[in-house]
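The numbers here are math on the coordinates, done by the rules we state, and not lab data. None of the values given here were measured: they were computed from a predicted structure. Neighbour counts are summed over all protein chains in view; Cβ atoms, including those assigned to glycine, are modelled from backbone coordinates with ideal geometry.
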Amino acid sequence: MIKLPVAAPDLSGKEEEYAVDAIRSTWISSTGPYVQQFEDLFARLCGTKTAIGVCNGTVALHLALLALDIRPGDEVLVPSLTYVATANAVRYVGAEPVFVDVDPNTWCIDPTMIEQRLTQRTKGIIPVHLYGHPADMDAINHIAGVHGLWVVEDAAEAHLAKYKGRSTGKLAPIGTFSFYGNKIFTCGEGGALTLDDPHLELRIRTLRGQGMDPQRRYFFPVTGYNFRLTNLCCALLCAQLERRDAIIQVRRQIFATYKEMLADISGIGFQPTATWAEPSPWLFSVTVEEKQYGISRDKLMAILAEHGVETRPFFIPLHRLPPFRQKSRERNETLPQTDALSSKGLNLPTYNNIATDDLSYICDIIKKAKRLSVK
Ligand SMILES: *Cc1c(COP(=O)(O)O)cnc(C)c1O
């Protein structure tokens, strides 16, 4: 039985009040005051001219690629160590994700590995700010500039993280976010794009709403989608963002407690932080070096599960998944850092109302796991 889940939303502020307000107002679809309020606030927090709410983070990536006119035959560079949505979105527009290895110092796409993956077909790069840590955006943007590529940041896991003092979502022409239930700020299912360019904004807003002409209601000059976010979801997001500092502060404390309690366990490693990064505390991660620790990552996960602690293994590298592996093999991709991290990393329970006693309980099991495994 799961006693401690890996993630759980904190809806203890004005979420209920605002949701009830939205219901009583009868504005429960994608028109209503909370939509505007959310978009304005989120843009301000990211430092961009605009934010566009959409129904999930995958759709945000899809819209970004549509707005940038990515087409069949194009290639887009993505890390292999990410959630499958990053690469799925590339496939939705008929393009091919080409995988790049990660830097062991950031766990994000390694800028020094990008140029060797470029071909005539390469159109853009989607760095992912993995587990809350920003990618090295200056280096990535520089390479993109030299080769005439666009960049979209997948900031789904890195709400309000900072790179050299600048907020995620503002580090490339388009940023995308997810507000799924396990993300730092959530409305159940939701997402957003952040950007400055008014032409891209118009395209994205038009495509989001079935392609309707913004000047002429019920006239549809292009084939669009229904990718809108509801007023009800935005009510939750407004309440979440009102408490943004408190929510992040509690998560930072959880990270600090884990680090303290798990310090000096041979074979247990932590997520590195680059000097220029101010990560946002998404899911706390550890790595397991089987030789030093004595048991494998999978065995540790099994022992934790037996004790009611849910954990999550690091992403299976996308270049090893059935939809992508054949093409990856044809390109002779080798991604040793990705493979190594994927096999040794796990995320531990990280949510606002986890008790310090629960953290001690989890860390005690991690300390004793080797002994527990021989019983
Ligand atoms: C969660 C996530 C997404 C997708 O978000 P959904 O809202 O679940 O569609 C995309 N990219 C990354 C890296 C994610 O973690």
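Taking 0.36 nm per residue of separation and subtracting the Cα-Cα distance, what length does fully extending Glu17 through His307 add? Walk me through the numbers before you get to the answer.
On the way: separation 290, 0.36 × 290 = 104.40 nm, distance 3.63 nm.
Value of the extension gain: 100.8 nm.
What is the fewest-to-most order of Lys170, Lys259 by other Cβ atoms lying within 10 Å of their Cβ?
Details: Lys170 21, Lys259 13.
Going from least to most buried by this count: Lys259, Lys170.
Mind checking which aspartates and glutamates have their Cα closer than 12 Å to the Cα of Lys14? Skip sequence neighbours fewer than 8 apart in that chain.
Glu242
Quick one: which residues, 5 or more positions from Phe314 or on another chain, have an amide H under 5 Å from its amide H? H modelled 1.01 Å from N in the peptide plane, none for Pro or chain starts.
It is Gly345, Leu346, Asn347, by chain and number.
Could I have the simple spin-label model distance between Arg71 and Arg166, label points 7 Å from Cα toward Cβ, reported in nm to one decimal?
Between Arg71 and Arg166, the simple spin-label model gives 3.0 nm.
Would you kindly state how much longer the chain becomes between Lys259 and Asp364 on full extension, computed as 0.36 nm times their sequence separation minus their alpha carbon distance, in nm to one decimal?
On the way: separation 105, 0.36 × 105 = 37.80 nm, distance 1.29 nm.
So the chain would gain 36.5 nm between Lys259 and Asp364.
Give me the distance in nm between label points sitting 7 Å out from Cα along the Cα-to-Cβ direction at Val222 and Asp196, one decimal.
2.2
Under the √(5λ) rule applied to the eigenvalues of the Cα gyration tensor, what semi-axes describe the equivalent ellipsoid of region 167-323? Give them in Å, descending.
Taking √(5λ) for each Cα gyration eigenvalue gives 40, 19, 16 Å.
With r defined as the distance between the Cβ atoms of Ile2 and Ala246 and R0 fixed at 30 Å, what FRET efficiency is calculated, to the nearest 0.05?
Values: r = 26 Å, r/R0 = 0.87.
Given R0 = 30 Å and the Cβ-Cβ separation, E is 0.70.
Which of the peptides 3-11, 51-59 is most tightly packed, and how do the rest follow, going by the mean number of other Cβ atoms within 10 Å of each residue?
Details: 3-11: 17.3, 51-59: 24.3.
Highest mean packing first, the order is 51-59, 3-11.
Which ³J(HN,Hα) values, rounded to whole Hz and listed in residue order, are derived for region 101-110 from phi using the Karplus coefficients 6.51, -1.76 and 1.60 in 6.51 cos²θ - 1.76 cosθ + 1.60 with θ = phi - 60°, glycine and proline given as x?
Those phi angles translate into 6, 9, 8, x, 7, 10, 6, 10, 3, 8 Hz.
Using 0.36 nm per residue of separation minus the Cα-Cα distance, give me the extension gain between Asn332 and Phe270 in nm, one decimal. Spell out each step's value before the answer.
Working: separation 62, 0.36 × 62 = 22.32 nm, distance 3.04 nm.
My answer for the length gained is 19.3 nm.
So, in Å, what gap is there between the alpha-carbon centers of region 60-81 and region 126-165?
If you average the Cα positions of each part, the centres end up 15 Å apart.
How far apart, in nanometres, would the label points at Ala355 and Ser373 be if each is projected 7 angstrom from Cα along the Cα-to-Cβ direction?
2.9
Cα convex hull of region 238-372: mean projected area in nm², to one decimal?
Details: hull surface 43.8 nm².
So the Cα hull casts an average projection of 10.9 nm².
Please order Arg297, Arg252, Arg320, Arg371 by the number of other Cβ within 10 Å, starting at the fewest. Walk me through the intermediate numbers first.
Values: Arg297 21, Arg252 13, Arg320 16, Arg371 9.
Fewest-to-most ranking of Arg297, Arg252, Arg320, Arg371: Arg371, Arg252, Arg320, Arg297.
Using all Cα-Cα distances in the chain, what percent lands in each 20 angstrom bin from 0 up to the longest?
Percent of pairs per bin, in order: 29, 56, 15, 0.
Using a 4.7 Å cut-off between beta carbons, which cysteines in the chain end up with no partner cysteine at all?
Cys with no partner Cβ under 4.7 Å: Cys46, Cys55, Cys108, Cys234, Cys238, Cys363.
Rounded to whole Hz and in sequence order, give me ³J(HN,Hα) for region 197-214 from the Karplus expression 6.51 cos²θ - 1.76 cosθ + 1.60, θ = phi - 60°, writing x for Gly and Pro.
Per-residue couplings from phi come out as 6, x, 6, 5, 4, 4, 4, 5, 5, 5, 5, 5, x, 6, x, 5, 5, x Hz.
Quickly rank 286-292, 269-275 as a protection proxy: mean count of other C-beta atoms within 10 Å, highest first.
Details: 286-292: 16.6, 269-275: 14.7.
Those peptides, ordered most packed to least, come out 286-292, 269-275.
In percent, what relative contact order does the chain have, based on Cα pairs under 8 Å that are 6 or more apart in sequence?
On the way: 787 pairs, mean separation 86.9, N = 375.
Over the chain, the number comes to 23 percent.
Please report the antiparallel percentage of the DSSP beta bridges confined to the chain, to the nearest 5.
Values: 26 of 42 bridges.
Bridges in the chain that DSSP calls antiparallel: roughly 60 percent.
Mind checking which lysines have their C-alpha under 27 Å from Lys368, skipping anything on the same chain fewer than 8 residues away?
Candidates past the 8-residue exclusion: Lys3, Lys259, Lys291, Lys299, Lys344.
Using a 10 Å cut-off around each Cβ, can you sort His147, His319 from fewest to most neighbouring Cβ atoms? List each step's numbers first, then the result.
On the way: His147 14, His319 25.
So the ranking, lowest neighbour count to highest, is His147, His319.
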